[in-house]
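Colleague: Pasting a structure below so you can have a look.
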Amino acid sequence: MDDLRLALLLNAVSPQVGGVLVRGEKGTAKSTMVRALAGLLPSIGVVAGCRFACDPASPDAQCPDGPHHVSSVSERPTSLVELPVGVSEDRIVGSLDLERALAEGVKAYEPGLLAAAHRGVLYIDEVNLLHDHLVDLLLDAAAMGRSYVEREGVSVRHASRFLLVGTMNPEEGELRPQLLDRFGLTVEIAATREPEQRAEVVRRRLGYDADPDGFAARWLEEERALAQRIVAARELLPQVVLGDAALRQITAVCAAFEVDGLRADIVMARTAVALAAWSGRTQVLAEDVRVAAQLALPHRRRRNPFDAPGLDEEKLDETLQQFAGQEPEADPDGDLDGDPDGDGPDGPDNGGGGGGGGQDAPSGPELESSAPQSPAEATPDNAADQPQQSAAAGAPAPREAAPVAADQPYRTRLFKVPGTGQGVQGRRSRAETDGGHTIRAARPSGALQRLHLAATLQAAAPHQLARGRDGRALVLRRDDFRQQVREGREGNLVLFVVDASGSMAARQRMSAVKGAVLSLLMDAYQRRDKIGMISFRGASAELVLPPTSSVEAGAARLELLPTGGKTPLAAGLLRAHETLRVERLRDPLRRPLVVLVTDGRATGARSALDDARRAAGLLAASGAASVVVDCESGPVRLGLAGELAGLLQAPAVRLDELRADSMTALVQTMTMQKKAA
């Protein structure tokens, strides 16, 4: 929390730092801390009557409320605008009354959240859950400092420079790299494990609930002192000197951690200057550079998709020492932890994490051991899977194999859900979305959006004489308006159903299987899918990962997945059917794709194979699209996975044919197979 407090204060001192991304587990007061920042920011002067908060000293020449002849100035607090996850595109950029624009020729524009956030703070809670087309709007505004609304010849643009602050729980999914890079600083936080500190948090929360006004009054003086220190640091900021030695350290650290581009160097420089101003100094020290690196680099360094952000502290110190120059002596009374009195807890300069470490991987699920199999139930599959198993009654159950590491991931073939969906934007299957290319026109079912001008004119043209048109303007009615229907790509729910029975371990295939599933997980991450995972082994199937946007969690559960025991294939398919039924109630527009990873063998009861066939038919009847990854190997193949794929109306892909660069052309896409059926 000290790191987060410092990062927010540095952005208050120098908004050019670029904002803060707060990563942390649920219930750590991320949102509370961010909202508290607004009360510390100095008030701003605005042109009276301007809806876009134009600065009286330099009003925006392109302001829709302009041109401004500044005669009166008003002062208001710095705004904190919250952007909810479910916000619409029109609410972000503003809404334009297209009916009035076409029928009356006037620009009736209502500013959106980007206008309200100008010269303030734009706060996005659960920023990692924001839809891609909304992320694109934020990227444009953050990059250019302007918001553009371009619709059928009507153009509106206004200034939109804001401090971007986002909070997220990494378990729910990661951010797109483009948006991640737009955050100047990042902080990884977790709840304290110290009982005394936790007790103090609870004590203060109960005190606030009992008397909110009295609680605020007790901390008023400290907040005022903090706000005054922010103002003083802002005034000192232009006088801070970034020496050549400190600049060399900044660029050396960025090069050592192989960050892409030069934005990291610029952000680090601005952060180090802000740190010096916050500490009341006019020289940037090596300590400033170190703290700046801890805050600005963890989310920018090159890493695999499933690696948590962080920095190698030893490598950082070695690089700083290697490029150290003659630095001014630090003020013994100066502090870098954001505490005005200098007696607060240690900040990042005194060993703080600065987003340096990832969280512990989630523990794996507990799977019950399989029961011994009787000789009557034995099959050739079981004979190979469990060579040490005794046929005698009461013999001990076979040991489950220890989790094995996955092979190196690779780029996989693309599997799609057939047809055209209406789910959230992504990069997998065809869907009608807010983005993409226009495929047809339709009558609007609600408020008019994305006007299809040609179709609207075509619908209105035959009625102009009957409506008494006597001028150049068209006579339009509500029934004439048509809007665009666009086709793009959607994200799906990819549900992995993984065979973890003894047959997978006996043939030492689990490393290859895990490598294949990990590769498919990476593909789902890149295509903005939700993922879930079911493991079946022993006597039952278990949902080891409920559907989530966190592919990191899926990779962690896959790593800890044990193997051994019988193959309850029917149980795995039935669990998949039930999981999809529940998810349809929660998210009916997100279409599922079941990825069944198995050799097709079913063991256990005498009717195990028949039960699996009936379960496959039930899953196919539900309409879920599937693909079967055939893990069977060896000179003798029974073809059970292929038979199972036929029952699921799904393609069967051998394990060695998953690679996108494979030369085999035996596997058809799901769309082609659907057409052939």
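The values are calculated or read from the model by the stated rules, or taken from the named source; none is laboratory data. Bear in mind the structure is a predicted one, so any value in this text is a computation, not a measurement. FYI the Cβ positions are ideal-geometry reconstructions off the backbone, even for glycines, and counts take in every protein chain you see. In case anyone asks, the SASA skips ligands and DNA or RNA and just uses the protein heavy atoms, side chains included. Shrake-Rupley method; radii C 1.70, N 1.55, O 1.52, S 1.80 Å.
Colleague: Tell me whether the stretch 15-81 comes out rounded, prolate or oblate; compute the Cα gyration tensor, take square roots of the eigenvalues as a ≥ b ≥ c, and use a/c under 1.5 as the rounded threshold.
Modeller: Prolate, since a/c reaches 1.5 and a/b exceeds b/c.
Colleague: Could I ask something else about it? For Leu465 and Glu172, FRET efficiency with R0 = 51 Å and r from the beta-carbon atoms, rounded to 0.05?
Modeller: 0.30
Colleague: If each residue of separation counts as 0.36 nm, what is the full-extension length gain between Gln422 and Gln62 once their alpha-carbon separation is subtracted?
Modeller: Separation in residues times 0.36 nm, less the Cα-Cα distance, equals 125.9 nm.
Colleague: Mind putting a number on the dipole of the stretch 517-648 about its Cα centre? Charges go on the C-beta only, +1 for Lys and Arg and -1 for Asp and Glu, and I need it in Debye to the nearest 20.
Modeller: The calculated dipole for the stretch 517-648 is roughly 300 debye.
Colleague: How far apart, in nm, are the 7 Å Cα→Cβ label points at Asp260 and Arg659?
Modeller: Roughly 2.4 nm, to one decimal.
Colleague: How would Val289, Val475 line up by accessible area, probe 1.4 Å, largest first?
Modeller: Of Val289, Val475, the descending order of accessible area is Val475, Val289.
Colleague: Give or take rounding to whole Å, what are the principal axis extents of the alpha carbon atoms in the stretch 1-54, in descending order?
Modeller: If we take the Cα atoms of the stretch 1-54, the spans are 42, 21, 16 Å.
Colleague: Could you order peptides 612-620, 571-579 by the average number of other Cβ atoms within 10 Å of their residues, highest first?
Modeller: Most protected by this proxy first, the peptides run 571-579, 612-620.
Colleague: Something else now. Just to verify a number: what accessible area does Ser540 come out at with the full protein assembly present, 1.4 Å probe, Å² rounded to tens?
Modeller: Looks like 40 Å² after rounding.
Colleague: I need the per residue convex hull volume for the stretch 407-538, using only the alpha carbons, in cubic angstrom as a whole number.
Modeller: 126
Colleague: On the Cα set of the stretch 118-245, report Rg and Dmax in Å, please.
Modeller: Gyration radius and largest Cα-Cα distance of the stretch 118-245: 20.4, 63 Å.
Colleague: Could I ask something else about it? Please compute the modelled spin-label separation between Ala405 and Asp312, points set 7 Å along Cα→Cβ, answer in nm with one decimal.
Modeller: 1.7
Colleague: Tell me, in nm to one decimal, what length is gained between Thr192 and Val241 on full extension, where the rule is 0.36 nm per residue of separation less the Cα-Cα distance?
Modeller: Full extension from Thr192 to Val241 adds 14.0 nm.
Colleague: Also, I was wondering about something else. Between Val202 and Gln16, 0.36 nm times their residue separation minus their Cα-Cα distance comes to what?
Modeller: 63.4 nm
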